[in-house]
Amino acid sequence: QVQLVESGGGLVQPGGSLRLSCAASGIIFSTYTMGWYRQAPGKQRELVAEITPSGHTNDADSVKGRFAISRDNAKNAVYLQMDGLKPEDTAVYYCNAIWLYRAYWGQGTQATVSS
(Lines give C-alpha, C1' and ligand atoms only; values in the text may rest on other atoms or scores of the structure.)
Protein backbone atom coordinates (compact mmCIF):
# COMPACT_ATOMS: atom_id res chain seq x y z
CA GLN A 1 0.00 0.00 0.00
CA VAL A 2 1.42 3.34 -1.07
CA GLN A 3 1.30 6.17 1.44
CA LEU A 4 2.51 9.74 1.19
CA VAL A 5 2.09 11.60 4.46
CA GLU A 6 2.69 15.33 4.59
CA SER A 7 3.43 17.36 7.69
CA GLY A 8 4.75 20.77 8.66
CA GLY A 9 1.96 23.07 7.57
CA GLY A 10 0.56 25.78 9.77
CA LEU A 11 -0.06 29.48 10.22
CA VAL A 12 2.82 31.89 9.67
CA GLN A 13 3.18 35.63 9.24
CA PRO A 14 4.27 37.17 5.93
CA GLY A 15 8.02 36.88 5.56
CA GLY A 16 8.13 33.79 7.73
CA SER A 17 9.19 30.23 6.99
CA LEU A 18 7.76 26.76 6.98
CA ARG A 19 9.36 23.40 6.26
CA LEU A 20 7.07 20.76 4.81
CA SER A 21 7.91 17.08 4.98
CA CYS A 22 6.54 14.11 3.09
CA ALA A 23 7.18 10.56 4.27
CA ALA A 24 6.71 7.90 1.60
CA SER A 25 6.11 4.19 2.00
CA GLY A 26 5.15 1.36 -0.31
CA ILE A 27 7.25 2.60 -3.24
CA ILE A 28 10.86 2.29 -4.34
CA PHE A 29 11.39 5.89 -3.34
CA SER A 30 14.75 6.43 -5.04
CA THR A 31 13.25 5.76 -8.48
CA TYR A 32 10.43 8.28 -8.21
CA THR A 33 10.34 11.93 -9.18
CA MET A 34 8.92 13.68 -6.13
CA GLY A 35 7.00 16.91 -6.25
CA TRP A 36 5.11 19.45 -4.23
CA TYR A 37 1.90 20.91 -5.61
CA ARG A 38 -0.49 23.39 -4.09
CA GLN A 39 -4.10 24.35 -4.46
CA ALA A 40 -5.55 27.62 -3.23
CA PRO A 41 -9.32 28.10 -2.79
CA GLY A 42 -11.00 28.55 -6.16
CA LYS A 43 -7.82 27.80 -8.10
CA GLN A 44 -6.40 24.82 -9.91
CA ARG A 45 -3.71 22.66 -8.40
CA GLU A 46 -0.29 23.83 -9.56
CA LEU A 47 3.25 22.53 -9.45
CA VAL A 48 5.44 24.22 -6.85
CA ALA A 49 8.66 22.22 -7.19
CA GLU A 50 9.86 18.79 -8.19
CA ILE A 51 13.03 16.77 -7.81
CA THR A 52 14.14 13.85 -9.96
CA PRO A 53 15.81 10.67 -8.71
CA SER A 54 19.17 12.17 -9.68
CA GLY A 55 18.47 15.34 -7.69
CA HIS A 56 17.64 17.70 -10.56
CA THR A 57 15.09 20.28 -9.42
CA ASN A 58 12.48 22.35 -11.16
CA ASP A 59 10.76 25.24 -9.40
CA ALA A 60 7.74 27.31 -10.36
CA ASP A 61 8.64 30.89 -11.27
CA SER A 62 6.49 32.18 -8.43
CA VAL A 63 8.66 30.48 -5.79
CA LYS A 64 12.14 30.71 -7.33
CA GLY A 65 14.63 32.01 -4.80
CA ARG A 66 12.22 31.50 -1.90
CA PHE A 67 11.41 27.78 -1.82
CA ALA A 68 13.77 24.81 -2.02
CA ILE A 69 12.91 21.16 -2.54
CA SER A 70 15.18 18.39 -1.32
CA ARG A 71 15.04 14.65 -0.80
CA ASP A 72 16.60 12.07 1.48
CA ASN A 73 16.47 8.67 -0.18
CA ALA A 74 17.71 6.95 2.98
CA LYS A 75 14.65 8.24 4.86
CA ASN A 76 12.17 7.97 1.96
CA ALA A 77 11.38 11.63 2.48
CA VAL A 78 11.05 14.81 0.48
CA TYR A 79 11.05 18.30 1.92
CA LEU A 80 9.99 21.78 0.90
CA GLN A 81 11.72 24.65 2.66
CA MET A 82 9.58 27.74 2.24
CA ASP A 83 11.12 31.10 3.11
CA GLY A 84 9.91 34.62 2.48
CA LEU A 85 6.31 33.45 2.57
CA LYS A 86 3.63 35.68 1.08
CA PRO A 87 -0.15 35.67 1.60
CA GLU A 88 -0.51 34.35 -1.95
CA ASP A 89 1.37 31.21 -0.89
CA THR A 90 -1.63 30.23 1.23
CA ALA A 91 -2.85 26.86 -0.03
CA VAL A 92 -3.11 23.17 0.65
CA TYR A 93 0.24 21.63 -0.25
CA TYR A 94 0.29 18.12 -1.69
CA CYS A 95 3.14 15.66 -2.01
CA ASN A 96 3.33 13.77 -5.30
CA ALA A 97 5.31 10.75 -6.47
CA ILE A 98 5.66 9.86 -10.16
CA TRP A 99 7.36 6.94 -11.89
CA LEU A 100 6.50 6.12 -15.49
CA TYR A 101 2.68 5.79 -15.56
CA ARG A 102 2.28 5.60 -11.77
CA ALA A 103 1.37 8.67 -9.77
CA TYR A 104 0.46 8.96 -6.11
CA TRP A 105 -0.75 11.82 -3.93
CA GLY A 106 -0.71 12.62 -0.26
CA GLN A 107 -3.68 14.00 1.63
CA GLY A 108 -2.29 17.52 1.79
CA THR A 109 -1.22 19.93 4.50
CA GLN A 110 -2.54 23.46 4.93
CA ALA A 111 -0.16 26.40 4.90
CA THR A 112 -1.64 29.78 5.75
CA VAL A 113 0.28 33.04 5.48
CA SER A 114 -1.46 35.85 7.29
CA SER A 115 -0.78 38.65 9.73
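The values are calculated or read from the model by the stated rules, or taken from the named source; none is laboratory data. Please read all numbers here as calculations on a predicted model, not as lab measurements. In this analysis, Cβ positions are derived from the backbone assuming ideal geometry, glycine residues included, and neighbour counts consider all displayed protein chains. Areas reflect the complete protein model, heavy atoms only, side chains present, ligands, DNA and RNA absent. Shrake-Rupley method; radii C 1.70, N 1.55, O 1.52, S 1.80 Å.
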Identify the single condition in (1) β-branched (V, I, T); (2) under 24 Å from W99 (Cα atoms); (3) modelled with pLDDT of 95 or more that V63 does not satisfy, given that it satisfies every other one.
(2)
Identify the residue in region 13-47 that is of a type in the set (A, V, I, L, M, F, W, C) and closer than 21 Å to A60 by Cα and, among all such residues, is surrounded by the most Cβ atoms within 10 Å (Cβ to Cβ).
M34
Please go through region 24-45 and pick out each residue that is among the hydrophobic types (A, V, I, L, M, F, W, C) and over 26 Å from P87 (Cα atoms).
A24, I27, I28, F29
Open to solvent by less than 20 Å² (accessible area, probe 1.4 Å) and either farther than 17 Å from Q3 by Cα or of a type in the set (S, T, N, Q) (or both): does that describe A60?
no
For region 71-80, which positions are open to solvent by less than 60 Å² (accessible area, probe 1.4 Å) and more than 9 Å from the chain's Cα centre (by Cα)?
R71, D72, N76, A77
In the list S70, S54, S21, S62, which residue meets the criterion of being out of contact with any helix residue (DSSP H, G or I) (no Cβ under 6 Å at 6 or more places or on another chain) and part of a loop (DSSP other than H, G, I, E, B)?
S54
Does A111 count as crowded, with 17+ Cβ neighbours inside 10 Å and either out of contact with any His (no Cβ under 8 Å at 6 or more places or on another chain) or polar (S, T, N, Q) (or both)?
yes
Quick one: count up the residues across region 89-101 that are touching a residue at least 12 places away in the same chain (Cβ under 8 Å) and open to solvent by 20 Å² or more (accessible area, probe 1.4 Å).
5
Condition first: assigned to a strand (DSSP E or B) and either within 14 Å of L80 (Cα to Cα) or open to solvent by less than 30 Å² (accessible area, probe 1.4 Å) (or both). Now tell me which residues in region 1-12 satisfy that.
L4, V5, E6, S7, G10, V12
Does A68 satisfy being free of Cβ contacts under 8 Å to residues at least 40 places away in the same chain and within 13 Å of the chain's Cα centre (by Cα)?
yes
Cβ contacts < 8 Å: first residue under 17 Å from I98 (Cβ atoms) and touching a residue at least 40 places away in the same chain (Cβ under 8 Å), restricted to region 32-48; second residue assigned to a loop (DSSP other than H, G, I, E, B) and hydrophobic (A, V, I, L, M, F, W, C), any location; separation 6+ or different chain. Result?
V48/A60
